[in-house]
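Some notes on the structure that comes next.
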Amino acid sequence: MRIAVVGGGILGLATARLLATSRPGDEVVVLEKERALASHQTGHNSGVVHAGLYYAPGSLKARLCTRGRELMKEFCDEKGVVYDECGKVVVATRPDEVEPLRRLHERATTNGVPGLRWLDGAELAEVEPHAAGVAGLHSPYTAIVDFVAVANAMADDIRDVGGEIRTGAPVARVIRNGSRPRVELTEGETLEADRVIVCAGLQSDRLARASGEDPEPRIVPFRGEYYALAPGRTHLVRGLIYPVPDPTLPFLGVHLHRRFDGSVWVGPNAVLATALEGYRRGSFDFKELAETLAWPGTRRM
């Protein structure tokens, strides 16, 4: 059986690796439009491996986060990818934040987050000497990792068992053809397969529309913007420092986090991107921005 996986981010590579290693008789081909793997979301995220503090107990997110952290650590240890359990503290800076922090502690405990520790002000200073607060919650096994390195290690596994990684191979559409779907590349080549799995990230809705499928849900691109501490001040943050989350907001709040390269980021701010893959402030694509603004969901949001 030939299986084509569209997308060379960590989701596509993890899927292809699972198929290639568990089904040795099958031919697995990964098609990535860029010249390098993990060029988009995988290479632009914060690098944090969360331990599962925030999700509703018993939910799929809670189970996947907790188990995923364990598997990620095992994989990185096996492949020699740096996996830094720098830990995270969630800090209550005011007395009215203590009770929400206690509820977060209860939720995280129910989720099986390992090593949790409640901190008073003095204990907080022992973990993060330059953080000030009335209480804190310490998650020592929250980690940081280079997800591009993880993706490349997965690609090596795929190649080692005979799978193929094709970069510079943008896909125009997937054509249904009974039991033998075809993948049409933008340069005109057609690849037949027994199964096609699409992990196209930011391009998912556009590829679905080009393939005659339902494009919903739509991708509305937002860019996370961060400040960085000056190199001479990175010692002020040992690991990750987060605020007590505000349940009325759809994000975890502005935080400080150490990166795998030793830098410390402060943020994020979230702004509507003016290009689908607009990772820099000056990125602009009139057609893509017009599509985003024309979609009714954008206006409702």
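The values are calculated or read from the model by the stated rules, or taken from the named source; none is laboratory data. Keep in mind it's a predicted model, so treat the numbers as computed, not measured. All Cβ positions, even for glycine, are placed from backbone atoms using ideal geometry, and neighbour counts span all protein chains on display. Each accessible area value is taken on the protein alone, full model and side chains, heavy atoms only, with ligands, DNA and RNA left out. Shrake-Rupley method; radii C 1.70, N 1.55, O 1.52, S 1.80 Å.
Before moving on, here are some points about what is shown:
- Only a single criterion out of (1) touching a Gly at 6+ places or on another chain (Cβ under 9 Å); (2) exposed (fewer than 15 other Cβ atoms within 10 Å of the Cβ); (3) at pLDDT 95 or above is not satisfied by Glu225, namely (3).
- Looking only at residues in the range 111-148 that are surrounded by 17 or more Cβ atoms within 10 Å (Cβ to Cβ), touching a residue at least 60 places away in the same chain (Cβ under 8 Å) and out of contact with any Leu (no Cβ under 8 Å at 6 or more places or on another chain), the one that is farthest from Phe260 (Cα to Cα) is Glu128.
- Output for the range 1-48, where each listed residue is closer than 15 Å to Met72 by Cβ, buried (at least 24 other Cβ atoms within 10 Å of the Cβ) and either of a type in the set (Asp, Glu) or touching a Lys or Arg at 6+ places or on another chain (Cβ under 8 Å) (or both): none
- Residue among Gly201, Gly188, Gly224 that alone is farther than 29 Å from Tyr141 by Cα and of a type in the set (Gly, Ala, Ser): Gly188
- Condition met for Leu18 (without any contact (Cβ under 8 Å) to a residue 24 or more places away in the chain, closer than 25 Å to Val171 by Cα and not in a loop (DSSP other than H, G, I, E, B)): yes
- Residues located in the range 246-300, provided they are open to solvent by 50 Å² or more (accessible area, probe 1.4 Å), under 25 Å from Val145 (Cβ atoms) and in a loop (DSSP other than H, G, I, E, B): Pro250, Phe251, Leu252, Val254, Phe260, Asp261, Glu277, Tyr279, Arg280
- If the condition is being of a type outside the set (Val, Ile, Thr), loosely packed, with under 15 Cβ neighbours inside 10 Å and either assigned to a loop (DSSP other than H, G, I, E, B) or in contact (Cβ under 8 Å) with a residue 40 or more places away in the chain (or both), then the range 49-86 contributes Ala56, Pro57, Gly58, Ser59, Gly80.
- Ile165 fulfils the conditions (1) closer than 23 Å to Val49 by Cα; (2) among the β-branched types (Val, Ile, Thr); (3) under 26 Å from the mean Cα position of the chain (by Cα) except for a single criterion, (1).
- For the range 204-213, the criterion of being in contact with a Ser or Thr (Cβ under 9 Å, 6 or more places away or on another chain), farther than 30 Å from Val134 by Cα, in a loop (DSSP other than H, G, I, E, B) and open to solvent by less than 50 Å² (accessible area, probe 1.4 Å) is met by no residue.
- Single residue of Glu192, Glu164, Glu187, Glu216 found to be open to solvent by 50 Å² or more (accessible area, probe 1.4 Å), at pLDDT 95 or above and among the acidic types (Asp, Glu): Glu164
- Scan the range 230-245 for residues that are open to solvent by less than 50 Å² (accessible area, probe 1.4 Å), more than 16 Å from Ala143 (Cβ to Cβ) and of a type in the set (A, V, I, L, M, F, W, C) and the total you get is 2.
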